[in-house]
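Worksheet: one structure, shown below.
We did not get these values from a lab; they are worked out from the coordinates using the rules stated. Treat the numbers as computed from the prediction; the structure is a model and nothing was measured. As a convention, Cβ positions derive from the backbone with ideal geometry for all residues, glycine included, and neighbour counts pool all protein chains shown.
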Amino acid sequence: MRLPDRARWLSALRPVALAAGWIAVWQLVTTAAGHPYFPGPVRIAEAAGQLWLSGPPSRLWLGDTVTADIVPSLARMLGGWAGAGLLGVALGLWLGRCPRAFAYARVPIALARAVPQPLLVPVFLVILGLTTTMEVVTIITGVIWPVLLNTLDGARAITPELTDTMRAFRLSRARWVLWIVIPAAAPRIFAGLRISLAIALILMVISELVGSTSGIGYQLNLSRSTFALPQMWAWICLIGALGYTLHLLLQRTQRHLLAWQHHDTERRGPAR
């Protein structure tokens, strides 16, 4: 095996080895402690297998909780996150390039984003009831702010030279936004999307804890109330794994769509 290939394999296996090491330490600590509220990874893995991999071979051994709880939760979370992303980008671009509108919206935005989103869950619960709409609205209203504010900052950071270029080439407003504003603000837009993805996962769980009869949050609360501790920890670990996986997917998407940014950084080299 050539040295570059070997280095690539070692780089790919390093996170797996680190994860395995931490899991081994976790198992040793929980076994030595023997605390009933903190089961080890082996018991959690057994509970996870019973929850999610106890179905028939025709369904790839996936249990009922996968289709009845995990998939709907992910659909609600990703739907709310995508809706908030589109709305936040659109409003951020408009406010960022329209100083007069931003002057009027600055105070309402500051007041609205200062309200902790979990406090609004009972309000949405009373207005919309135990519905999927309530959960999606909860996610959208909490997720929109990082996207909106980062997009706004990115749109306001357009240099005067780019504006002069638009006027010199007589670009239409639509082409100006698509070719100049969005690419210039794209790094900050993706920064807002990464932050909002974690918030969407948190709000998904919170909304299902108090206002749902299915989903990951509901099953987590049900396991807690019935003292099914290995199952409860299995759902907690699933939430962490989903958050990490979605973060990696979004990071890879950003690298693919903003490949020009990484090429420019490599061409310039490290700052001196």
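Using Cβ counts within 10 Å as a stand-in for footprinting exposure, how do ILE180, ILE144 rank, fewest first?
ILE180, ILE144
Give a residue-ordered list of calculated ³J(HN,Hα) values for the range 82-90 (Karplus: 6.51 cos²θ - 1.76 cosθ + 1.60, θ = phi - 60°; whole Hz; x for Gly, Pro).
Karplus values, whole Hz, x for Gly and Pro: 5, x, 5, x, 5, 5, x, 5, 4.
Between the helical axis of 160-169 and the dominant principal axis of the chain, each derived from Cα atoms, what acute angle in degrees is found, rounded to the nearest 10?
Helix 160-169 sits at roughly 60 degrees to that axis.
Hey, what do the phi angles of the range 70-78 turn into as Karplus ³J(HN,Hα) couplings, whole Hz, using 6.51/-1.76/1.60 and θ = phi - 60°, x for Gly and Pro?
5, 4, x, 5, 5, 5, 5, 5, 5
About the Cα centre of the chain, how large is the charge dipole given +1 on each Lys and Arg Cβ and -1 on each Asp and Glu Cβ? Please answer in debye to the nearest 20.
1140 debye
Mind ordering 88-97, 63-72 by average Cβ neighbours within 10 Å, highest first?
Sorting 88-97, 63-72 by mean packing, highest first, produces 88-97, 63-72.
Could you work out the helix-only [θ] at 222 nm for the chain, with each DSSP H run of four or more residues adding -39,500 (n - 2.57) and the total divided by the number of residues, to the nearest 500 deg cm²/dmol?
Mean residue ellipticity at 222 nm (helix-derived): -26000 deg cm²/dmol.
Direction-averaged shadow area of the convex hull around the Cα atoms of the chain, nm²?
That works out to 22.1 nm², a quarter of the Cα hull's surface.
Please turn the phi angles of the range 143-151 into ³J(HN,Hα) values with the Karplus equation 6.51 cos²θ - 1.76 cosθ + 1.60 (θ = phi - 60°), one per residue in order, whole Hz, x for glycine and proline.
Coupling constants for the range 143-151: 8, 5, 5, x, 5, 4, 5, 5, 5 Hz.
Pull up all non-local amide H partners of LEU62: gap of 5 or more, or a different chain, and H-to-H distance under 5 Å with H placed in the peptide plane.
Amide H neighbours of LEU62, under 5 Å, 5+ apart: GLY55.
As an exercise, use a Förster radius of 41 Å and the Cβ-Cβ distance of VAL126 and ALA103 to find the FRET efficiency, rounded to the nearest 0.05.
The value I calculate is 0.75.
Using +1 at the C-beta of Lys and Arg and -1 at the C-beta of Asp and Glu, which of TRP61, ILE189, THR141 has the Cα lying farthest in the positive direction of the dipole of the chain?
Of the listed residues, the answer is ILE189.
Taking 0.36 nm per residue of sequence separation and subtracting the Cα-Cα distance, how much length would be gained by fully extending the chain between ALA19 and SER172, in nm to one decimal?
Here the answer is 49.9 nm.
With no solvent and one equal point scatterer placed on each C-alpha of the range 16-91, evaluate the Debye formula and give log10 I(q)/I(0) for q = 0.12, 0.27 Å⁻¹, two decimals.
Those come out to -0.62, -1.07, one per q.
Just name one of LEU222, ILE199, ALA112: the one whose Cα is farthest towards the positive end of the charge dipole of the range 70-256 (beta-carbon charges, Lys/Arg +1, Asp/Glu -1).
Final value for the positive-end residue is ALA112.
Which order do the peptides 247-253, 189-195 come out in when sorted by mean C-beta neighbours inside 10 angstrom, highest first?
189-195, 247-253
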